[in-house]
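Enquirer: The following block contains the structure, expressed as structure tokens.
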Amino acid sequence: MGANNSCEISRLPVDCLSRIISLTSPRDACRCSAVSTFFQSAAAADVVWEHFLPADLDNILSETLDKPVFLSKKELYFHLSNEGILVDDGKMILSLDRLTGAKICMLSVSATNLVGIIWGWDVRYWQYVPNHDSRFSEVAQLIIVWWLELHIALSCKNLTPKTRYAAYFIFKLENDSNGFDLSIETSIALGDQETWHKVCLQPRNDTARQSANNPIRYSQVRADQWNEVEIGEFINDGEEDDLVSASVEETKGLWAKKGLIIYGFEFRPKT
């Protein structure tokens, strides 16, 4: 009887099973594919992966100059989760979290309506140059400043509602960089909630361990060989008119700082 009952689900129409799988998650859909060829066919259906794609996908694709063309919704999903697409005139990379389908947004420093860099357009202090490791047309390269202050704001409509997010500062330090071995401050704000943290753009060494007595966050090397440090986290409650703002600054020590290359700011689901 048990063996017969275990096969009952295979009597369902494949489109019915597909709709059931669409109510799970991308991770569960991939696991279903390994059960049998019947499950594999059901889990690959467009109705499954369309459910995992953003509801505003058409609007998103209308903003990219190079609209991706794929044979299936599953192919499109994995393109968005593996590579993402450039939108907003090439100033933003939008991708999806592979396991959940939640949106990930990377903002370029050239998005002048979203990013503020103090003295950012003074060529004595900053320059904007191409970089072969960046998908954006240019990155910001710090020549020298004593007062470092970076600000960014993102509309919450670009993020997945009811999701916990973290913001990250993406950068590199040149070999002759200076002034970034000491801590700087970051903040994240949404509505009337704002939190501040101390971070260090240098990687953590054996003598600097994060603890209650040393709450400094240290940078880490990403898979793409850029460095990142977490600015802070927040919950996107789903209010599309809200703005989440983040900052990176050091305005107290007033020591010379140079050799910083900024890729951008990334907002991704907190796992």
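Coordinate-derived values only; no laboratory data. Computed from a predicted model, the values in this text were never measured in an experiment. Here the Cβ is made from the backbone with ideal geometry for all residues, glycine too, and neighbour counts use every protein chain on show.
Enquirer: Set the Förster radius R0 to 25 Å, insert the Cβ-Cβ distance between ILE144 and ASP242 as r into 1/(1 + (r/R0)^6), and round the FRET efficiency to 0.05.
Expert: With R0 = 25 Å, the Cβ-Cβ based efficiency is 0.10.
Enquirer: Could I have the simple spin-label model distance between VAL69 and LYS270, label points 7 Å from Cα toward Cβ, reported in nm to one decimal?
Expert: 4.2 nm
Enquirer: VAL35 to LEU99: extension gain in nm, 0.36 nm per residue of separation minus the Cα-Cα distance?
Expert: Stretched fully, the VAL35-LEU99 segment lengthens by 21.2 nm.
Enquirer: Right, something else. Measuring from centroid to centroid over Cα atoms, what is the spacing of region 141-198 and region 54-132 in Å?
Expert: With region 141-198 and region 54-132 each reduced to a Cα centre, they are spaced 18 Å.
Enquirer: Against the longest principal axis of the chain, how steep is helix 73-82, in degrees 0 to 90 to the nearest 10, with axes from Cα atoms?
Expert: Approximately 20 degrees, to the nearest ten.
Enquirer: Order the peptides 82-94, 190-202 from the highest to the lowest mean number of other Cβ atoms within 10 Å of their residues.
Expert: 82-94, 190-202
Enquirer: Moving to a separate point now. Normalising by the residue count of the chain, find the relative contact order in percent from Cα pairs under 8 Å and 6+ residues apart.
Expert: On the way: 549 pairs, mean separation 54.2, N = 271.
Across the chain, relative contact order equals 20 percent.
Enquirer: Where nothing but the Cβ of Lys and Arg (+1) and of Asp and Glu (-1) is charged, how large is the charge dipole of the chain around its Cα centre, in debye to the nearest 20?
Expert: Approximately 780 debye in magnitude.
Enquirer: Starting from 0.36 nm per residue, how many nanometres of slack lie between LEU23 and ASN82 once their C-alpha separation is accounted for? Let's see the in-between values first.
Expert: On the way: separation 59, 0.36 × 59 = 21.24 nm, distance 2.24 nm.
Answer, rounded to one decimal: 19.0 nm.
Enquirer: Excluding residues on the same chain fewer than 8 positions from LYS270, give the lysines whose Cα lies under 27 Å from its Cα.
Expert: LYS73, LYS74, LYS91, LYS103, LYS157, LYS162, LYS172, LYS198
Enquirer: Once every DSSP H run of n ≥ 4 in the chain is given -39500 (n - 2.57) and the sum is divided by its residues, what mean residue ellipticity at 222 nm do you get, rounded to the nearest 500 deg cm²/dmol?
Expert: Helices in the chain give a 222 nm mean residue ellipticity of -5000 deg cm²/dmol.
Enquirer: Would you please report the Å³ per residue occupied by the convex hull of the alpha carbon atoms in the chain? Spell out each step's value before the answer.
Expert: On the way: hull volume 48.0 nm³, N = 271.
Dividing the Cα hull volume of the chain by its residues yields 177 Å³.
Enquirer: Still on this structure, please answer the following. Sticking with the crude label model, points 7 Å out along Cα→Cβ, report the distance from LEU57 to TRP121 in nm, one decimal please.
Expert: A separation of 3.9 nm, rounded to one decimal place.
Enquirer: Turning to a different aspect of this structure: Compute the projected area of the convex hull of the Cα atoms of region 137-271, averaged over all viewing directions, and report it in nm² to one decimal place.
Expert: 9.4 nm²
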